[in-house]
Number of protein chains: 2
Amino acid sequence: MSYKIALDGLDRDAATSLTEQIVSRFRRAIDGNDLAPGEKLPTTRAMAEQAGVNHLTAVRAYRRLAEEGYVTATVGRGTFVRRVPPSAAAAATGTDWQTAVLPEERISYPNEMLAESFRLPADPDVISLATGWPDPELYPVDVLAEITADIFRDLRGEALNYVDPVGVADLRAELAKRGRAEGFAESPDEIVITSGARQGLDLVSRAVVSPGDVVAVESPTFVGALSSLQATGARVIGIPVDEDGMDVSALERVLARHEVKLVAVQAACANPTGRDLSDERRERLVTLAQERSFFVLDDGVYATVRYEGAERPRLRRSAPSHVVYVDSLSKTIGGGLRLGWIAASGPLRRRLVTLKIDTDMQTTGLVQHIGARYLAAGEHEKFLAAALPVYRERRDALLESLERRLGDEVSFMHPLGGHHVWVRFDAPLDERALFAEAVRQGVGFTPGGAMTPERPEGTALRLSFALVGPEELDEGVRRLAAAVRAVRRMERAPMVAMS
Amino acid sequence: MSYKIALDGLDRDAATSLTEQIVSRFRRAIDGNDLAPGEKLPTTRAMAEQAGVNHLTAVRAYRRLAEEGYVTATVGRGTFVRRVPPSAAAAATGTDWQTAVLPEERISYPNEMLAESFRLPADPDVISLATGWPDPELYPVDVLAEITADIFRDLRGEALNYVDPVGVADLRAELAKRGRAEGFAESPDEIVITSGARQGLDLVSRAVVSPGDVVAVESPTFVGALSSLQATGARVIGIPVDEDGMDVSALERVLARHEVKLVAVQAACANPTGRDLSDERRERLVTLAQERSFFVLDDGVYATVRYEGAERPRLRRSAPSHVVYVDSLSKTIGGGLRLGWIAASGPLRRRLVTLKIDTDMQTTGLVQHIGARYLAAGEHEKFLAAALPVYRERRDALLESLERRLGDEVSFMHPLGGHHVWVRFDAPLDERALFAEAVRQGVGFTPGGAMTPERPEGTALRLSFALVGPEELDEGVRRLAAAVRAVRRMERAPMVAMS
C-alpha cells in the first residue's frame, strides 16, 4: 500500500493530542488533493504502525475524520476519502465553520473513556469488565411493571404531568424515611430528586464550584465525579486512598496550602476500591469541614450494595449543613430509570433547586411515581436481599481468578461492597497500550488513568464484576492476563510492531 | 402592632433587591435581639405597607427568612421569630457559613417567575393562566399504559437498563421520520434525545455560548430560553417580535454592532405570541446565519400545536449546519415524561453528546422506549387530531373574553397555534403590583417582564389557555380585569394602602 501522507515525526509533547495531529495531517492531505476522493486509506492497524501510535489512537483519528465528513468507513471494506469532501460541499451543509465559532474544547481523558465504556458492551465479542452496571436479569421487572400499571390506572393523566421540580412528595417522603434510618437526611425538605446520581454530582459541582477554585477528590474515583468537577474550571487535586478510604492526613496537607471549596468522597463501598472510610478518618474529615468551611460531597450509590463490613450511618448525619449527599437507584434496579436524589440543606439546597429547574425542569414524573410506590411497598429491601448474594458470588469469583491468573503481576484491594475491584500492577506498564491490546484480545476494563485527576504514578485499572457471570469473569481475566503478557513482551522489544 | 425594626428608606436603585434589603434588616434585628425569639412579626400586608413595597415582596422576604431559619410561619397564626435563631444553633446544623462560601448569586427575575408559576397551580383558589401545560385530561393514558405494559413484557430488564447516551435507536429513527416530513432532520444520526426541550435549550446554550459572548433572542420569549442563555454569562439582547415573528431588520442592526454567537427563535407558533416567522424573514435569517457564521436555535415545541395558518418546513431544512432544533412531546402528551430532542450536525452535535453525558448520562430509557412505540404506532397523529380542536376552542374562548372584558385596556396578537395569548396594555401599569393584585383576586398570569431580557417599555403579560376550560377562562379574565381596575385606582391614589 502506498502512503501519500507523512505520519512520522508526531510530537508527543505537543499541546494537541496525537489523535488531533494525525487528523490534521489527513485533513490537509484531503483538502490539498494529495488524497483523492474515493481513495482507500490504510487500515487502522497499518496506520497506527506507520505513525508509531497505538491502535486505539488510529481508530479515534479515523472516527474523528468520519465525523467531520472527510472519510467514510464501511465495515469489512475499509476507510475511504469521501467523494465530496466538506470544503467542496455546499455552504449550507458544511459544518467546518462551527469549529471556528464554538468555544475552545478540551476533551478530557476521563470523558473519552466514559464514552468508550458505553461503546464496549454492544460488541458481543468483548467481555466488558469496564461497565459498572447492575445485571438486568436481576431487576424486579414484574414488580415494577405491576406498579406502573397501577399508576396509570390510579393517577390517569397526572401520571404524565409535570411535577414539582424538587420532586414528587411521596417519593421524597419515602427517601426521607430511609434517610433517617441510614443517616443521609432527616426530612423530605432536604431531598431534591435528580436524574440519577450523575446529575446530582453535576448540579452540586455547578452550584458550589467556580472557575479557579480548588477542590479535592479521592484518587482514584468515579470518572463522572472527576468530569463534573473538572468541567467547572476548578483545579481538581487528587487525594490518595487506601484500605481505609481517603487519606485524610494527605488532605490536611492540601488544606494547609489551598483554600479548598469542596472535598468529594464516597464514604462507604467506594468506586473503584469497594472500601469504607474508617471511623477515625470520618470524624477528622467532618471536623475539618466545619473548621475550614468546605463542603463534603458524599456519593453513596454503592453504599447499600454491601457484602461485608459494618454499616455506619452516612457521613451527612454528623454534619448535615456541610455534607451534601448524592445517591440513586441506578446501581440496584437499573440505571435507565435515572432515579437519583440529593440531600442538602440551607442556601445550597435552594440553589440546587434553581439549577435543577434551569437544567431540565424536573426529573421524569412517571419514574418518580414508580420509585415512590416501589419503596413504599418495601420491595427494595426484598430485591437487595435477593440480588446481593449474586453479586457477592461474582466478586468472589473475580478475586479468585485474579489471584490465580495475575497474582504475580498485580495486587488489589478486597472490596466490601460495590461492583468493582481496583487492581494495581506491581511494575508499571503502558496503560493505553494495555487497553488497546485487551480490546483486541476481547476484554474491556476501565484504565486507572481515567479515574484519577492527575496522571497516576503506577499502572492500575478497574474491573467490574456485576454484569458478568463467574465463568465469563474467569475468561475475561484470562484474556486480560494474555494482554498483559503481550504488552510486557512489546515493552521488552519496543521496535517490533504489534503485527 | 409595635414595630421594632425600621423598614423605611429602602433603596430602590440599589444593586440588592428590595426583598434582600428587607431580609437583611430582619436578620440584623433578630441577630441583635431587637426582635426576641418567639415574637410575632407583622402580617405580610402590614409589613408591605410599612416598607412601601408590594405584597409579593413581603411574602418573598418572609419566605427567605424562613428558609434561612430566622422565622417560622404557621398558617392561620402568623410569622414568628424562631426560638433558636440560626446564629445560636449548633455549628453542625447552621447553614449561615454556606452563604460566605457559595459563589455570588444572581437570581434572575425570569427565574423567580418560573418558580412562581410552579407554585400557583397547586392553590385551588387561583385560576392559573400562567401555566403553559397541556391538559392532563386529554393525554392518551390508556394507549401509553398499554405500550408500557408491552415494553416490560417484551424487553424485561432491558426496559430499565442504561441506554445509549445519544438516545434509544428506535426513538431516534421515529423522530428522524418525522424530521424528514417536517424538515428538522434527515437522519437519526442528527438526533440527540434530551430530558425535555428545556434541557435541549440548556445544552445548546452551554455548548455554544461562553461568558461575554453576545446572543440575540426574540423578545418576548420562553422564560426558560432566557434563563439558560443568561446563565452562560452571555449578554442577551432582545429583538422585538410582531405578527410576522422576530423583526429581522432589528436583528440586522444588532449584527452590525456585535459579533453575535447565537440567535434564538421559535419560527412556528411562538411562545408567547403564537405567531409564525414570515417567509421573507425566514430566508433573510438563514442567509444572515450563513454569511455571518452564527447558530440559529429554533425551539419547535408548539409547532405541531397549530390551529390555523400554513405549515412551513422547519427552519433547519434550509441550513442544517447553522440551525439547531429543539423539540419535545411535553406540550402534547405530557411534560412529566421529559421526552425531548435536539437535531444538530457537525462538531456541535458531538459536543452536545459529551455535554449530555456529563450532565445526566442519558434520558430515562423507559420513557424513550414508550415514546418510540407510541410514535411508531401512529398514535401521536391520532392524539393531535383529537386534542387540537379542544385547545382551539379554549383559545377562541379566551380571545372572546379578553375582547369583551378588557378590550378597552389591551391589544393582543391572534395566536395561530400554541397555548398562549400575548396581551399588551395600551397604557402602562406596574407589572409587579398587577401580579400581586391578580393573585389576591384569584388569577395567575406570566408577567411580560419575565419573558423579555430587558425591562420592557410598556406593560404586557402572557395568558395561557390550554389547562383551563372556556368558563373558567372567562372567570379568570373577569378577575384579571378586576385586578387591572384595582391597580389603576391605586395608581391614581398612590398614597392609599392596598388593603
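Bear in mind these aren't lab numbers, they're just calculated from the coordinates by the rules spelled out. These numbers come from a predicted model, not from an experiment. Cβ sites come from the backbone with ideal geometry, for glycine too, and all protein chains shown count toward neighbours.
Have a look at A:433, A:239, A:302 and report the one farthest towards the positive end of the charge dipole of chain A, computed about the Cα centre with Cβ charges (Lys/Arg +1, Asp/Glu -1).
Going by the charge dipole, the pick is A:433.
Using only Cα atoms, tell me the angle between helix B:196-208 and the longest principal axis of chain B; keep it within 0 to 90° and round to the nearest 10.
Roughly 90 degrees, rounded to the nearest 10.
Please identify every one of the GluC sites (Glu not before Pro) in segment B:252-313 that sits in a loop by DSSP and has no more than 11 other beta carbons within 10 Å of its own beta carbon.
B:259, B:308
When DSSP beta bridges are limited to those with both residues in chain A, what percentage is antiparallel, rounded to the nearest 5?
55 percent
Could you work out the helix-only [θ] at 222 nm for the protein assembly as shown, with each DSSP H run of four or more residues adding -39,500 (n - 2.57) and the total divided by the number of residues, to the nearest 500 deg cm²/dmol?
-14000 deg cm²/dmol
For helix B:279-292, report the angle its Cα long axis makes with the longest principal axis of the Cα atoms of chain B; keep it between 0 and 90° and round to the nearest 10°.
Its long axis makes an angle of about 90 degrees.
List the relative contact order of chain A as a percent without decimals, with contacts defined as Cα pairs under 8 Å and 6+ residues apart.
18 percent
Please work out which residue of chain B brings its Cβ closest to the axis of the rotation superposing B onto A, and round that distance to whole Å.
Residue of B nearest the axis onto A, distance in Å: B:364, 2.
What distance in nm separates the simple spin-label points at residue A:427 and residue B:280, each placed 7 Å from Cα in the Cβ direction?
Between residue A:427 and residue B:280, the label points sit 7.9 nm apart.
Considering only the protein assembly as shown, what is the antiparallel percent among its DSSP beta bridges, to the nearest 5?
The antiparallel proportion sits near 55 percent.
Got the residue A:492 label distances to the other copies yet, label 7 Å along Cα→Cβ, in nm, shortest first?
10.1
Calculated FRET efficiency, residue B:485 and residue B:455, Cβ-Cβ r, R0 25 Å, to nearest 0.05?
So, using R0 = 25 Å, E works out to roughly 0.55.
In whole Å, how far is the Cα centre of segment A:453-490 from that of segment A:219-283?
Cα centroid of segment A:453-490 versus Cα centroid of segment A:219-283: 24 Å apart.
What are the ³J(HN,Hα) values, in whole Hz, obtained from phi via the Karplus relation 6.51 cos²θ - 1.76 cosθ + 1.60 with θ = phi - 60°, for each residue of segment B:444-461 in sequence order, with x given for Gly and Pro?
Residue by residue, segment B:444-461 yields x, 8, 9, x, x, x, 7, 10, 10, x, 9, 4, x, 6, x, 10, 8, 8 Hz.
Between residue B:4 and residue A:385, what FRET efficiency comes out of the Förster formula 1/(1 + (r/R0)^6) with R0 = 56 Å and r the beta carbon distance, rounded to 0.05?
0.45
When the dipole is taken about the Cα centre of segment B:217-328, and only Lys, Arg (+1) and Asp, Glu (-1) are charged at their Cβ, what size is it in debye, to the nearest 20?
On the way: 14 positive and 17 negative charges, 81 e Å.
Magnitude of the dipole: close to 380 debye.
Among the GluC sites (Glu not before Pro) in segment B:425-499, which ones are in a DSSP loop with at most 13 other Cβ atoms within 10 Å of the Cβ? Mind listing them?
In loop regions of segment B:425-499 (DSSP not H, G, I, E or B), the sparsely surrounded GluC sites (Glu not before Pro) are B:454, B:457.
Report, by chain and number, residues whose modeled amide H sits under 5 Å from the one on residue B:417, excluding near sequence neighbours (fewer than 5 apart, same chain).
The answer is B:307.
Towards the positive end of the charge dipole of the protein assembly as shown, with charges on Cβ (+1 Lys, Arg; -1 Asp, Glu), say which of B:470, A:449, B:368 has the farthest Cα.
A:449
Hey, for residue A:31 with labels 7 Å out along Cα-Cβ, what do the inter-copy distances come to in nm, ordered shortest first?
Ordered by distance, the counterparts are at 5.9 nm.
List every residue whose amide H lies under 5 Å from the amide H of residue A:71, counting only residues 5 or more places away in sequence or on a different chain, with H placed 1.01 Å from N in the peptide plane.
Those qualifying (amide H under 5 Å, at least 5 residues apart or on another chain) are A:66, A:82.
May I ask which of B:331/B:356; A:356/A:382; B:177/B:331; A:356/B:177; A:261/B:356 have a Cα-Cα span longer than 28 Å here? Walk me through the intermediate numbers first.
Values: B:331/B:356 22 Å; A:356/A:382 32 Å; B:177/B:331 20 Å; A:356/B:177 32 Å; A:261/B:356 25 Å.
As for pairs spanning more than 28 Å Cα to Cα, those are A:356/A:382; A:356/B:177.
Shortest first and in nm with one decimal, please list how far the residue A:393 label point sits from its counterparts in the other copies (point 7 Å along Cα→Cβ).
Computed spacing set for this position: 6.0 nm.
Of all DSSP beta bridges located in segment B:246-391, what percent are antiparallel, nearest 5?
Percent antiparallel among DSSP bridges in segment B:246-391 is about 35.
Between 0 and 90 degrees, rounded to the nearest ten: what's the tilt of helix A:18-31 against the longest Cα principal axis of chain A?
Rounded to the nearest ten degrees, it is 50.
If you average the sequence gap of Cα pairs under 8 Å that are 6 or more apart and divide by the length of segment A:114-243, what percent do you get for the contact order?
Values: 104 pairs, mean separation 19.0, N = 130.
Worked out over segment A:114-243, it gives 15 percent.
Under a straight-distance cross-link criterion of Cα-Cα below 18 Å, which aspartates and glutamates are reachable from residue A:4, leaving out those fewer than 8 residues away in the same chain?
A:31, A:34, A:39, A:49
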